[in-house]
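Trainee: Here it is, the structure in full.
Values in this text are rule-based calculations from the coordinates and carry no lab data. On a predicted model such as this, the values are computed, not experimentally measured, just so you know. For neighbour counting, all protein chains shown are included, and Cβ atoms are generated from backbone atoms with ideal geometry for every residue, glycine included.
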Amino acid sequence: MKSKRRWKSILTRLRRALFFRRGTAKIGIYGPPNAGKTTLTNRIIHTFVDENEDVGLATEVPHETRRAVRREGVIIDLKAKSLENPNPDLNSESKVKPKRGKAKLKLDVVDTPGLATKIDFHEFLAYGLEEDEAKKRAKEATEGVIEAIKWLDDIDGVVLLMDSTEDPYTQTNIIIIGNMEARGIPIIIAANKVDLVDATPQRIANAFPQHSVIPISALKGENMLDLYEEMARRFR
Amino acid sequence: MEIKMNLISEDKINSMTSTEKLRFVLDGVKSGNIVVLEGGLTSEEQMKLIELTMTEVDDDFPGIEMSGYPSKRGFLNIRKKARLTVIGPAKMMHTTKKDKDLISAVISAI
Ligand SMILES: Nc1nc2c(ncn2[C@@H]2O[C@H](COP(=O)(O)OP(=O)(O)O)[C@@H](O)[C@H]2O)c(=O)[nH]1
Ligand SMILES: [Mg+2]
């Protein structure tokens, strides 16, 4: 069983090395509930596809996203973007490092439900939901977690999003990273919500020293170019 | 109030298939036990355990709490060895502190 797994992992790596560049990479946005996965996915779509298109609703209620949503054919073209659109964030960044902003990458982005080991319907009551509604949402949320896990089989790269104000060293974060490493799938950790005063992205970097950690604010659009460049580099 | 713990040896775990292991753990946890596995579950098994747990969540069983040491890289970085894993009912167990070599958890009877 173990050696079968190992072969599968080696084959996956080989297949990726040989064919990855041809197809469109499917990139999964993963992380715990409320890390900002939908906010980030919406921002990627707004920046590179359509300002008015949302893949989903970003709210403070956990498990708002209960189905994985795939947006196909997103072209992350940093060169075209910085030329054609004087987005203050992209431009100010590229002034600091003049060589940046050349990367181009075509991908499908998958916004996934948050990964959790428990879903308690009582939690939703605090957000003003009726009991029936809360139970229904909890049920859907469990299905969402399963769907997010199943999607891992079809994913070519992962952006693992964490909330920089929370303890990053959780079992679910460790499990996602462990699974990606076992499958040989590239992973980028994005330390989100750095606009908040109690954000400590360094804590995330310390917890996972073997991975690249990019501090961002998906909500405010801070440091996005760093993330896009890392995506272009790792997911190509 | 009593809290029951099952401390499972690595030999016992290794004698089971992955499916048996997960069923064994979840059954133990659903009957209100804290299950400690010497040698632990791999990341893949832990992911499967989350999946299995989610199919069984209901009004009385909100799910599990799981904590473990991250696996260590073995020979040539290929083989990864799982270490200790602790799993309990989410209603009873709450991890308060965790780093790569230490886990603190509060366990309360329901
Ligand atoms: N301050 C701050 N809030 C954010 C950021 N990204 C997301 N949020 C908020 O966090 C909450 C959860 O976001 P959402 O995208 O729904 O998280 P998801 O559950 O991971 O999809 C929402 O209230 C967002 O507005 C960020 O960069 N900074
Ligand atoms: Mg969401």
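Trainee: Residue A:62: net charge of surrounding residues, Cβ under 14 Å, Lys/Arg +1, Asp/Glu -1, itself excluded?
Mentor: My count for the surroundings of residue A:62 gives -3.
Trainee: Still on this structure, please answer the following. Once you have the Cα-Cα distance between residue A:165 and residue A:104, take 0.36 nm times their residue separation minus that, and quote the gain in nm to one decimal.
Mentor: Between residue A:165 and residue A:104, full extension yields 18.8 nm more.
Trainee: Dividing the convex hull volume of the Cα atoms of the range A:176-230 by its residue count, what figure in Å³ per residue is obtained?
Mentor: So the per-residue Cα hull volume is 82 Å³.
Trainee: In addition: What translational D, rounded to a whole number of µm²/s, comes out for the range A:116-188 from Stokes-Einstein when the hydrodynamic radius is the Kirkwood one over Cα pairs, at 37 °C and 0.692 mPa s?
Mentor: 232 µm²/s
Trainee: Then there is this: Which residues among the range A:126-144 fall inside the zone where the amide N is under 19 Å from a point 7 Å beyond the Cα of residue B:56, along Cα→Cβ?
Mentor: A:139-144
Trainee: Rounded to the nearest 0.05, what FRET efficiency do residue A:51 and residue B:83 have when you use their Cβ-Cβ distance and R0 = 51 Å?
Mentor: E(calc), rounded to 0.05, equals 0.60.
Trainee: Projected area of the range B:5-107, taken from the Cα convex hull and averaged over every viewing direction, in nm²?
Mentor: 6.5 nm²
Trainee: Could you give the size of the charge dipole of the protein assembly as shown about its Cα centre, using +1 on the Cβ of each K and R and -1 on the Cβ of each D and E, expressed in debye and rounded to the nearest 20?
Mentor: With Lys and Arg at +1 and Asp and Glu at -1, about 2440 debye.
Trainee: Could you tally the net charge around residue B:96, taking each other residue with its Cβ under 13 Å from the Cβ of residue B:96, Lys/Arg +1 and Asp/Glu -1?
Mentor: Once positives and negatives cancel, what remains is -1.
Trainee: Right, something else. If R₀ is 45 angstrom, what is the calculated FRET efficiency for the pair residue A:59 and residue B:11, using the beta carbon separation as r and rounding to 0.05?
Mentor: With R0 = 45 Å, the Cβ-Cβ based efficiency is 0.40.
Trainee: May I pose another question? Cα extents of the range A:25-235 along the three principal axes, largest first, in whole Å?
Mentor: 54, 37, 37
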